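Read through the structure below, which is laid out as structure tokens, and then see the notes.
The values are calculated or read from the model by the stated rules, or taken from the named source; none is laboratory data. Only a predicted model underlies this, so the values are computations on that prediction, with no experimental measurement involved. No Cβ is skipped: glycine too gets one built from the backbone with ideal geometry, and neighbour counts run over all protein chains shown. Please note that ligands, DNA and RNA were not included when accessible areas were found on the heavy atoms of the full protein model with its side chains. Shrake-Rupley method; radii C 1.70, N 1.55, O 1.52, S 1.80 Å.
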Amino acid sequence: MLPKKLQEKINQRKSQNMLRELGKQHNLIDFSSNDYLGFSRSKEIFDMTHHYLKSKNLSRNGATGSRLLSGNFKLYQEVEDILSEFHHSESALIFNSGYNANLGFFASVPQRGDVIFYDEYIHASIRDGISMSHAKAYKFKHNNLDDLEKKCHTERNRNPIETEIYIVTESVFSMDGNSPNLKSLVHLSKEYRAYLIVDEAHATGVFGKNGSGLLQELELENEVFARIITFGKALGSHGAAVLGSKELTQYLINFARSFIYTTALPPHTLMTIKSIYIELPKTHEISKLFQKINFFKLQLMNNHLEENFIESNSPIQCCIIQGNSQVKAISNELLGKGFDVKPILSPTVPEGEERLRFCLHSFNSEKEIKEVVEILASLLKI
């Protein structure tokens with residue numbers, strides 16, 4: 001039996017139709033995973049990884065300890081050097097996941113007396129990291145730079161010198177698929193002497209030259225304090241990295257607890273990441289992905305659905321359907337017709353902004369896209 005208070009929370013979730021459950025493996029058409037380029041199923045990347053590990057006699061199942069103890073293989077430095085060169089960064093530090101990277105960074109970098117301004121739709125992992133920080137934190141309205149500037153102006157007038165300001169956003173938001181005005185954000189951060197941190201989890205492997213990210217596409221990579229990239233979405237593997245200065249890397253090695261006190265990634269994962277970065281400059285999957293995004297948006301126009309969707313040029317396309325029961329019902333209808341399209345429920349998104357989230361992939365066929373949009377239109381009675 002659960003303690004009474006815990007059971008009450010579960011019962012409340014059930015009564016509000018908000019209870020989460022684990023999904024099951026299936027053979028449905030994938031419109032839900034983050035595997036935008038199909039790299040998780042790439043035989044070339046798998047074979048390259050296997051061949052390298054065998055040739056170097058790296059037949060280990062685990063890292064044996066944290067990187068500060070016994071887990072810092074030579075392969076770590078090789079991969080971090082590749083990341084630094086590819087992403088035009090002075091330094092890179094690999095973490096076990098995007099969650100670990102955000103937890104370690106935000107719990108350790110902002111200090112007592114500092115202020116963090118974060119987009120209200122920021123990743124949950126960033127919120128959790130911020131909650132462990134000793135800094136004060138305030139959210140600003142989603143992608144609203146006027147609201148952010150007012151907050152920066154007020155804070156700078158109150159504490160013109162001593163306080164450090166950190167501004168946190170994503171280059172592509174996971175629940176909307178849209179992006180902030182990054183050029184204006186860079187300008188604003190300079191004006192108010194703020195440190196800008198951008199989570200590029202859903203831009204890595206998608207935007208920029210060879211999937212280098214949206215900041216590099218806009219030539220802003222040297223204008224931010226830190227970038228967080230992940231390997232578990234478009235890159236189809238696991239892990240993450242913080243990109244920044246050598247001094248920032250040194251600081252995180254010494255103070256980021258989610259880095260210090262965890263067993264390192266095994267050699268197989270590191271080599272998979274290296275293989276992916278060897279593959280990125282050669283792949284045609286990125287251009288294929290954007291062809292599918294454009295085709296999906298064309299089908300929305302053909303079926304008069306544009307106004308139901310949040311504007312996005314990313315693989316994440318979201319249809320607002322208010323109410324947990326309603327959005328779950330339509331998701332289940334699509335499920336019954338062979339399409340895996342996940343409902344995003346409140347409280348993950350604000351009440352009244354529940355949605356179907358379509359994740360597009362380079363491997364989705366035009367036939368699949370056309371069919372799923374037509375079914376959605378019929379369900380919405382457009």
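Just a few scattered comments:
- Test: Ser133 is touching a residue at least 40 places away in the same chain (Cβ under 8 Å), under 30 Å from Arg193 (Cβ atoms) and over 19 Å from the mean Cα position of the chain (by Cα): no
- Residue check, Ile29 crowded, with 16+ Cβ neighbours inside 10 Å, over 21 Å from the mean Cα position of the chain (by Cα) and within 30 Å of His284 (Cβ to Cβ): yes
- Selection count, the range 290-316, where residues are within 19 Å of Glu371 (Cβ to Cβ) and either part of a strand (DSSP E or B) or not aromatic (Phe, Trp, Tyr) (or both): 17
- From the list Phe73, Phe46, Phe39, Phe31, the lone residue that is hydrophobic (A, V, I, L, M, F, W, C) and in contact with a Cys (Cβ under 9 Å, 6 or more places away or on another chain) is Phe31.
- Of all residues making up the range 193-227, the number that are over 21 Å from Ser97 (Cβ atoms), of a type in the set (Gly, Ala, Ser) and not in a loop (DSSP other than H, G, I, E, B): 1
- Among the residues making up the range 228-266, those that are among the hydroxyl-bearing types (Ser, Thr, Tyr), part of a loop (DSSP other than H, G, I, E, B), over 28 Å from Ser287 (Cα atoms) and open to solvent by less than 50 Å² (accessible area, probe 1.4 Å) are Ser245, Thr262.
- If you go through the range 311-330 and keep only what is open to solvent by 10 Å² or more (accessible area, probe 1.4 Å) and under 17 Å from Lys292 (Cα atoms), you end up with Glu311, Asn313.
- Residue pairs whose Cβ atoms lie under 6 Å apart, separated by 6 or more positions or on different chains, with the first residue in the range 230-256 and farther than 20 Å from Thr269 by Cβ and of a type in the set (S, T, N, Q) and the second assigned to a loop (DSSP other than H, G, I, E, B) and open to solvent by 40 Å² or more (accessible area, probe 1.4 Å), are Ser245/Glu90.
- Selection of the range 276-298 for residues being of a type in the set (A, V, I, L, M, F, W, C), over 20 Å from Cys318 (Cα atoms) and open to solvent by 30 Å² or more (accessible area, probe 1.4 Å) yields only Ile278.
- Scan of the range 153-192 for residues that are of a type outside the set (D, E, K, R) and in a strand (DSSP E or B), ordered by number: Ile165, Tyr166, Ile167, Val168, Thr169
- Residue in the range 177-189 that is more than 27 Å from Phe86 (Cβ to Cβ), modelled with pLDDT of 95 or more and crowded, with 21+ Cβ neighbours inside 10 Å present: no
- Of the criteria (1) surrounded by 14 or more Cβ atoms within 10 Å (Cβ to Cβ); (2) of a type outside the set (Phe, Trp, Tyr); (3) part of a helix (DSSP H, G or I), which one Lys14 fails: (1)
- Of the strands (runs of 3 or more DSSP E) lying entirely inside the range 44-152, those carrying at least 2 residues that are in contact with a strand residue (DSSP E or B) (Cβ under 8 Å, 6 or more places away or on another chain) and open to solvent by 60 Å² or more (accessible area, probe 1.4 Å) are 136-140.
- Consider the range 331-350 and keep the residues that are among the aliphatic types (A, V, I, L, M) and open to solvent by 10 Å² or more (accessible area, probe 1.4 Å). The one that is farthest from the chain's Cα centre (by Cα) is Leu335.
- Single unsatisfied condition, Leu2 versus (1) surrounded by 13 or more Cβ atoms within 10 Å (Cβ to Cβ); (2) in a loop (DSSP other than H, G, I, E, B): (1)
- Residue pairs whose Cβ atoms lie under 8 Å apart, sitting 6 or more positions apart in sequence or on different chains, and linking a residue in the range 283-311 that is within 11 Å of His361 (Cβ to Cβ) and in contact (Cβ under 8 Å) with a residue 40 or more places away in the chain to a partner that is among the aliphatic types (A, V, I, L, M) and part of a loop (DSSP other than H, G, I, E, B), are Glu285/Leu37; Leu289/Leu37; Leu289/Val206; Leu289/Leu360; Lys292/Leu360; Ile293/Leu360; Phe296/Leu360.
- In a residue-by-residue description of the range 351-369, the property of being open to solvent by less than 10 Å² (accessible area, probe 1.4 Å), part of a helix (DSSP H, G or I), in contact with a helix residue (DSSP H, G or I) (Cβ under 6 Å, 6 or more places away or on another chain) and touching a residue at least 24 places away in the same chain (Cβ under 8 Å) applies to at least one position.
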